[in-house]
1. Condition check: within 16 Å of ligand 2 (Cβ to nearest atom), over 21 Å from ALA95 (Cβ atoms) and either modelled with pLDDT of 95 or more or assigned to a loop (DSSP other than H, G, I, E, B) (or both). Does HIS185 satisfy that?
2. Kindly establish whether GLY20 is at pLDDT 95 or above, part of a loop (DSSP other than H, G, I, E, B) and under 28 Å from LEU221 (Cβ atoms).
3. Residues in segment 216-224: is at least one within 15 Å of ligand 2 (Cβ to nearest atom) and surrounded by 16 or more Cβ atoms within 10 Å (Cβ to Cβ)?
4. Across segment 164-181, which residue is farthest from ligand 1 (Cβ to nearest atom) among those that are touching an Asp or Glu at 6+ places or on another chain (Cβ under 7 Å) and touching a residue at least 24 places away in the same chain (Cβ under 8 Å)?
5. Taking the criterion of being under 25 Å from ALA64 (Cβ atoms), in contact with a Gly (Cβ under 9 Å, 6 or more places away or on another chain), β-branched (Val, Ile, Thr) and crowded, with 16+ Cβ neighbours inside 10 Å, would at least one residue in segment 144-152 satisfy it?
6. What residue, among those in segment 110-166 that are assigned to a loop (DSSP other than H, G, I, E, B) and acidic (Asp, Glu), is farthest from ligand 2 (Cβ to nearest atom)?
7. For segment 167-179, how many residues are touching a Cys at 6+ places or on another chain (Cβ under 6 Å) and within 16 Å of ligand 2 (Cβ to nearest atom)?
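The values are calculated or read from the model by the stated rules, or taken from the named source; none is laboratory data. Treat the numbers as computed from the prediction; the structure is a model and nothing was measured. Using ideal geometry, Cβ is built from the backbone for each residue, glycine included, and neighbour counts are taken over all protein chains shown.
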Amino acid sequence: MEMPLNRFKQGLHEGRWQVGLFLGLCSPTSAEILAGAGFDWLLIDAEHAPNDPAQVLAQLQAMAPYPVSVGVRPSSHDPNLIKQYLDVGAQTILAPMVDDAAQAEALVRAVRYPPAGIRGVAASIVRASRWNGIKDYVAHADAETCLVVQVETRRGLENVDQIASVAGVDAVFIGPADLAASLGHLGDSGHPEVRAAIEFALQKIAASGKAAGIFVTDPALAEKYRRLGASFIAIGGDTALLRNAALKLAAAFRDNAAPLTPSSPSLS
Ligand code: 3PY
Ligand code: MG
C-alpha cells in the first residue's frame, strides 16, 4: 500500500481555499455522514469534546473511504498524546493555545520522527502505517504530517510573527472564542478589539508565507477574512448543526399546529 497523501497539507502550501467543520459528537456514524457532505477538511475535536484515541481511531476508520482530509485537535501539547493520535492515523494535528515560538518548536518535534523530532517508533503496531502495510511508512510520515498551531491568546497574538516563522509549522489557525476571552471580552468574539486583533493576526500570518485559518460561521465575515489572507476556515461544528436543525424541526411542527375545534374530525 502506498502512503496516503495529505491533501489538506498540500492545499495549505498551494494556498488552496479549504472549508472545514469541527466534529464534537464523538460518533463514527455522524463522522461518516459528514465525511460525505462535501467539506475539504474535518477536525475531530479532542480538546473540548470527550474524544480519546480509541474514539478518534473509530472515526478515522469510518471516514477513510471518503475524499476528505481529517485532523485531530488534542487537549494539550503532550507529545505522548500527540503520538497516539498520529499512530491511530491522524495526518494533521491542530494544536490549541500556542503562545510562543518555543511551544511551536516543541510541537514540531512532537510530530516528527528522529532525528528531526521525538515521535516514538512502533510502526508494526499502529494503524498509521497500516501495521507495516504501507511501504516505507517511517521514511514518508513526516512529509505527510501537517502541523497547524492555534493562536488564541494575547501572548500568542503578541508572538504571532515568531510562531508563524517556526520551520515545520504548516499553518496558524485563529481561535476567536479563546482570543476574545484572553483579550477581556469573554463570549464576545465580535467585539471591535477582537475583530481588529483577528485582522492583524491574519495579515501577519499571511505575510509570513504560512497559511492562515480561522473559525468563522458568518459567510460575509469569512469572505472578508479570505481577502485578508485566510486560506482555510472552519465554518461550524456538528453539535451546532444537529441542535439547530432539531430546534427548527421541532418548532415547525409544534408551534405551527392550528388549534383543534369541536368540528375537527378527531374531536367529533
Ligand atoms: C476558539 O474559537 O477558541 C477555537 O478554538 C476554535 O474556534
Ligand atoms: Mg479555542
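1. Yes: the conditions hold for HIS185.
2. Taking the combined requirement at face value, the residue does not satisfy it.
3. The answer is yes; a qualifying residue exists.
4. VAL166
5. To start, the set of residues in segment 144-152 that are under 25 Å from ALA64 (Cβ atoms) comprises 144-148.
Next, only the ones that are in contact with a Gly (Cβ under 9 Å, 6 or more places away or on another chain) stay: 146-148.
Right, trim to β-branched (Val, Ile, Thr) and you get 148.
From what is left, the residues that are crowded, with 16+ Cβ neighbours inside 10 Å are 148.
Yes, that holds for at least one residue.
6. We begin by selecting, within segment 110-166, every residue assigned to a loop (DSSP other than H, G, I, E, B); these are 112-122, 126, 130-136, 145, 152-153, 159, 165-166.
Checking the rest, the ones that are also acidic (Asp, Glu) come to 136, 152.
Values: ASP136: 36, GLU152: 5 Å.
Here the answer is ASP136.
7. Quick first cut of segment 167-179, residues touching a Cys at 6+ places or on another chain (Cβ under 6 Å) only: 170.
Restricting the remaining residues to those that are within 16 Å of ligand 2 (Cβ to nearest atom) gives none.
Of the residues in segment 167-179, 0 are touching a Cys at 6+ places or on another chain (Cβ under 6 Å) and within 16 Å of ligand 2 (Cβ to nearest atom).
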